[in-house]
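J.: This is the structure, below, for whatever I ask next.
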Amino acid sequence: MSNTIQFDDFTKVDIRIGTIIEINDFPEARNPAYQLKIDFGSLGIKQSSAQITTLYKKEDLLNKQILAVVNFPKKQIAKFMSECLVLGAVNGKDVILLNPEIAVKNGSVIS
């Protein structure tokens, strides 16, 4: 097992459920990506750059619930400010988004 962490370290990571409400192409990104706007309920709307273009078309992403880390520092990607990290399983160049099995309230905490 690599890089064992303490439970207290895990509790510092704020993972929430959000719904994708807008998707745009991101031609300035170094690797193919979309710009996403995600509704996290009481946390508001955050944006993220996501390299998920190999498996997902924009129309498939609209209103899809996803999991994201919402307490990382903002990150500048080209001329875009990413405010959260969308989570997915990596399989080669493909990223499979993680999402709840049943629709839940935006902003719900993952534990």
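Just so you know, all these numbers are worked out from the coordinates, no wet-lab data involved. Here the structure is a predicted model, which is why all the values come from computation and not from measurement. Note: ideal-geometry Cβ built from the backbone for every residue, glycine included; neighbour counts use all protein chains shown.
J.: Restricting attention to segment 67-84, report how many residues are part of a loop (DSSP other than H, G, I, E, B) and touching a residue at least 24 places away in the same chain (Cβ under 8 Å).
T.: Counting residues in segment 67-84 that are part of a loop (DSSP other than H, G, I, E, B) and touching a residue at least 24 places away in the same chain (Cβ under 8 Å) gives 6.
J.: Starting from residues that are part of a loop (DSSP other than H, G, I, E, B) and touching a Leu at 6+ places or on another chain (Cβ under 9 Å), keep the ones in segment 85-111 and report whichever is farthest from Phe26 (Cα to Cα).
T.: By that ranking, first place goes to Ile110.
J.: From the residues in segment 53-111 that are among the small types (Gly, Ala, Ser) and more than 12 Å from the chain's Cα centre (by Cα), which one is nearest to Pro32 (Cα to Cα)?
T.: Here the residue is Ala78.
J.: If I ask for residues that are in contact with a strand residue (DSSP E or B) (Cβ under 6 Å, 6 or more places away or on another chain), over 22 Å from Lys105 (Cα atoms), surrounded by fewer than 18 Cβ atoms within 10 Å (Cβ to Cβ) and of a type outside the set (Ser, Thr, Tyr), which ones from segment 30-62 would you list?
T.: Leu55, Lys58, listed by residue number.
J.: Sticking with this one: Is it true that some residue in segment 13-21 is outside any strand (DSSP E or B) and either crowded, with 18+ Cβ neighbours inside 10 Å or without any contact (Cβ under 8 Å) to a residue 24 or more places away in the chain (or both)?
T.: No.
J.: Something else: What's the number of the condition Val86 fails, among (1) touching a strand residue (DSSP E or B) at 6+ places or on another chain (Cβ under 9 Å); (2) surrounded by fewer than 16 Cβ atoms within 10 Å (Cβ to Cβ)?
T.: With (1) touching a strand residue (DSSP E or B) at 6+ places or on another chain (Cβ under 9 Å); (2) surrounded by fewer than 16 Cβ atoms within 10 Å (Cβ to Cβ) applied to Val86, the lone miss is (2).
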